[in-house]
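Enquirer: Right, I'll just put the structure down here and ask away after.
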Amino acid sequence: MNLASRQSIDKEALLPSQKGFTLSVVVPVYNEEEVLPDFHRRLSTVMNNLGANWELLYINDGSTDRTLQVIRGLCDPRVATIDLSRNFGKEIAMTAGLDHARGDAVVVIDADLQDPPELIPDLVSKWQDGFDVVYAKRSVREGESCLKKSTAKLFYRVIQRLTRISIPEDTGDFRLLSRKAVQALGLLREQHRFMKGLFAWIGYPQAAVYFRRSPRFAGKTKWNYWRLWNFALEGITSFSIVPLKIASYIGLLTATGAFIYACFVIFKKLTYGDPVQGYASLMVVMLFLGGVQLMTLGMIGEYLGRMFNETKRRPLYLVNHFDPSCLWKTGGRGQDVVN
Ligand code: UDP
Ligand code: MG
């Protein structure tokens with residue numbers, strides 16, 4: 001064997017992911033019957049051009065429309081269907097997908113075509129550069145109101161202040177994870193899954209790929225402001241105990257204020273002796289203290305409730321039916337399928 005061919009073999013050995021890798025695509029779906037056929041067509045085209053073995057995992061998150069029938073109707077051996085027993089929410093549906101994915105790398109993508117499947121080759125090439133988490137970062141948010149954009153910005157700012165891990169701004173769940181990153185995520189079995197935080201928490205080399213996020217292709221978003229508020233609460237309480245500290249500081253501050261005011265009241269009573277006065281101030285102080293107490297109790301309650309949920313140690317999800325892809329059947333390599 002001459003030196004040149006030996007060097008080329010060594011190079012291949014150094015970059016195992018560049019040849020013959022398998023890719024899994026995880027797609028949580030909830031009432032997406034209108035978009036799915038288009039999504040599947042676009043994604044399949046991209047994947048076929050990638051020159052790798054691939055599988056596609058649709059996680060039916062308790063859809064109430066014909067989503068499941070649409071998925072089954074695709075009749076593609078590369079498609080795996082995980083039918084969850086009910087609607088568990090996108091985060092858990094995604095986790096179910098990651099648990100069942102067999103590829104060397106896993107891409108998580110929304111079904112509504114807001115995340116362009118055409119970006120996947122870029123994500124893959126960054127992964128091949130050695131990054132374990134390659135997230136798609138929006139350069140433009142289209143089809144979103146000013147209010148949504150500004151509240152999102154505020155949220156990122158607050159969470160950045162409150163936690164030590166850095167959560168990249170303007171990123172959704174659309175990303176590629178190496179097998180190592182998927183395994184690391186698999187270790188995090190908490191019930192309250194703030195995925196953006198979990199993706200950041202695992203660490204490993206991470207990189208961004210920029211893209212334009214377009215408006216939903218069809219169907220309706222499942223988000224409203226109440227859900228977004230709860231999402232923000234989830235993010236903060238899952239990754240920071242600063243609100244609890246704030247509660248104790250507010251307590252300390254009001255106690256100091258109350259003490260100073262008490263000194264003033266006693267002083268006034270002793271020097272002027274006015275017996276029945278101060279109804280207004282009494283009411284103000286009472287209501288203020290009552291408010292502060294209830295607020296801090298509420299903060300503690302948020303954490304307590306989450307602890308309650310975590311201590312039950314229930315499984316994250318239940319699968320009603322699992323229909324594996326060919327990648328599963330061939331032990332993760334999928335040689336029997338020709339793209
Ligand atoms: N989704 C899900 N379970 C849910 C809600 C949403 O699996 O309970 C899926 C949905 O089908 C889509 C993705 O999560 O593929 C993103 O949902 P959506 O477009 O409503 O969220 P947005 O893009 O507004 O953040
Ligand atoms: Mg969407």
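Enquirer: Can you give the calculated 222 nm mean residue ellipticity of the chain, where each DSSP H run of n ≥ 4 adds -39,500 (n - 2.57) and the sum is split over every residue, rounded to the nearest 500 deg cm²/dmol?
Expert: Numbers: 12 runs with 166 residues, N = 339.
It comes out at -15500 deg cm²/dmol, rounded to the nearest 500.
Enquirer: Please check: in the Gaussian network model of the chain (C-alpha springs, under 10 Å), which one of Ala258, Ala80, Ala105 has the largest mean-square fluctuation.
Expert: Judging by the Gaussian network model, the answer is Ala258.
Enquirer: Helix 3-14 sits at what angle to the longest principal axis of the chain, using alpha carbons and giving 0 to 90 degrees rounded to 10?
Expert: Helix 3-14 and the main axis of the chain meet at about 40 degrees.
Enquirer: Report, by chain and number, residues whose modeled amide H sits under 5 Å from the one on Leu57, excluding near sequence neighbours (fewer than 5 apart, same chain).
Expert: The answer is Val25, Val26, Val27, Ala80.
Enquirer: I would also like to ask the following. For the chain, what is the percent of antiparallel DSSP beta bridges, rounded to the nearest 5? Walk me through the numbers before you get to the answer.
Expert: Working: 12 of 37 bridges.
The answer is about 30 percent antiparallel.
Enquirer: Based on a Kirkwood Rh over C-alpha pairs, give the Stokes-Einstein translational diffusion coefficient of the chain at 37 °C and viscosity 0.692 mPa s in µm²/s.
Expert: Numbers: Rh = 23.1 Å.
It comes out at roughly 142 µm²/s.
Enquirer: Now a separate question. Can you give the relative contact order of segment 113-272 as a percent, counting alpha carbon pairs under 8 Å and 6+ residues apart?
Expert: Values: 152 pairs, mean separation 54.9, N = 160.
Reported relative contact order: 34 percent.
Enquirer: Go ahead and set up a Gaussian network model of the chain, Cα springs under 10 Å, then flag whichever of Ser125, Ser145, Ser44 fluctuates most.
Expert: Ser145
Enquirer: Shifting gears a bit: In nm, what is the difference between 0.36 nm times the number of residues separating Trp229 and Leu188 and their Cα-Cα distance? Could the numbers behind the result be given before it?
Expert: Working: separation 41, 0.36 × 41 = 14.76 nm, distance 2.34 nm.
Contour length minus Cα-Cα distance gives 12.4 nm.
Enquirer: Ile260 to Asp323: extension gain in nm, 0.36 nm per residue of separation minus the Cα-Cα distance?
Expert: Details: separation 63, 0.36 × 63 = 22.68 nm, distance 6.88 nm.
Value of the extension gain: 15.8 nm.
Enquirer: So, one more: Between 0 and 90 degrees, rounded to the nearest ten: what's the tilt of helix 279-311 against the longest Cα principal axis of the chain?
Expert: Value to nearest ten degrees: 30.
Enquirer: What pairs in Lys90/Lys196; Lys126/Lys180; Lys153/Lys180 have C-alpha atoms more than 20 Å from each other?
Expert: Details: Lys90/Lys196 12 Å; Lys126/Lys180 15 Å; Lys153/Lys180 31 Å.
Exceeds cut-off: Lys153/Lys180.
Enquirer: Between Lys180 and Leu147, how high is the FRET efficiency from 1/(1 + (r/R0)^6) when r is the Cβ-Cβ distance and R₀ = 45 Å? Nearest 0.05. Present the calculation step by step, with values, prior to reporting the outcome.
Expert: Values: r = 39 Å, r/R0 = 0.86.
Between Lys180 and Leu147 the formula returns 0.70.
Enquirer: Only four residue types carry charge here, +1 at the Cβ of Lys and Arg and -1 at the Cβ of Asp and Glu. Report the dipole size of the chain about the Cα centre in Debye, rounded to the nearest 20. Kindly include the intermediate steps, with their values, before the conclusion.
Expert: On the way: 42 positive and 33 negative charges, 162 e Å.
It works out to roughly 780 debye.
Enquirer: I would also like to ask the following. What does the C-alpha gyration tensor say about the overall shape of segment 161-308? Classify as rounded when a/c is under 1.5, otherwise prolate if a/b is larger than b/c, or oblate. Mind showing how you got there, number by number?
Expert: Values: a/c = 3.62, a/b = 2.71, b/c = 1.34.
The shape class here is prolate.
Enquirer: Just want the ordering: Ser63, Ser166, from fewest to most Cβ atoms lying within 10 Å of their own Cβ.
Expert: Numbers: Ser63 19, Ser166 10.
Lowest count first: Ser166, Ser63.
Enquirer: Here is a further query. So if R0 is 22 Å, what FRET efficiency would Arg42 and Ser125 give, r being the distance between their Cβ atoms, rounded to the nearest 0.05?
Expert: On the way: r = 19 Å, r/R0 = 0.87.
Efficiency at R0 = 22 Å is approximately 0.70.
Enquirer: Related question: If you rank Trp229, Trp201, Trp54 by fewest surrounding Cβ atoms within 10 Å, what's the result? Walk me through the numbers before you get to the answer.
Expert: Values: Trp229 12, Trp201 17, Trp54 25.
Ranking Trp229, Trp201, Trp54 by Cβ neighbours within 10 Å, fewest first, gives Trp229, Trp201, Trp54.
Enquirer: Calculate one ³J(HN,Hα) per residue across segment 166-174 by plugging θ = phi - 60° into the Karplus curve 6.51 cos²θ - 1.76 cosθ + 1.60, and present them in order as whole Hz with x for glycine and proline.
Expert: These are the phi-based 3J(HN,Hα) values: 9, 9, x, 6, 6, 10, x, 9, 5 Hz.
Enquirer: Still on this structure: Most exposed first by the Cβ proxy, i.e. fewest other Cβ within 10 Å, how do Leu177, Leu244 rank? Write out the running numbers ahead of the final one.
Expert: Details: Leu177 29, Leu244 15.
The fewest-first ordering by Cβ neighbours comes to Leu244, Leu177.
Enquirer: Something else about it: Tell me the relative contact order for the chain as a rounded percent, counting alpha carbon contacts under 8 Å between residues six or more apart.
Expert: Numbers: 486 pairs, mean separation 80.5, N = 339.
Rounded, it is 24 percent for the chain.
Enquirer: Oh, and also: Highest GNM mean-square fluctuation, the chain, Cα pairs closer than 10 Å: which of Ser85, Ser238, Ser150?
Expert: Maximum among the listed residues: Ser150.
Only the coordinates and a few stated rules stand behind these numbers; no lab work does. Because the structure is a prediction, the values reported are computed rather than measured. Quick reminder, even Gly has a Cβ in these numbers, built from the backbone with ideal geometry, and neighbours come from all protein chains shown.
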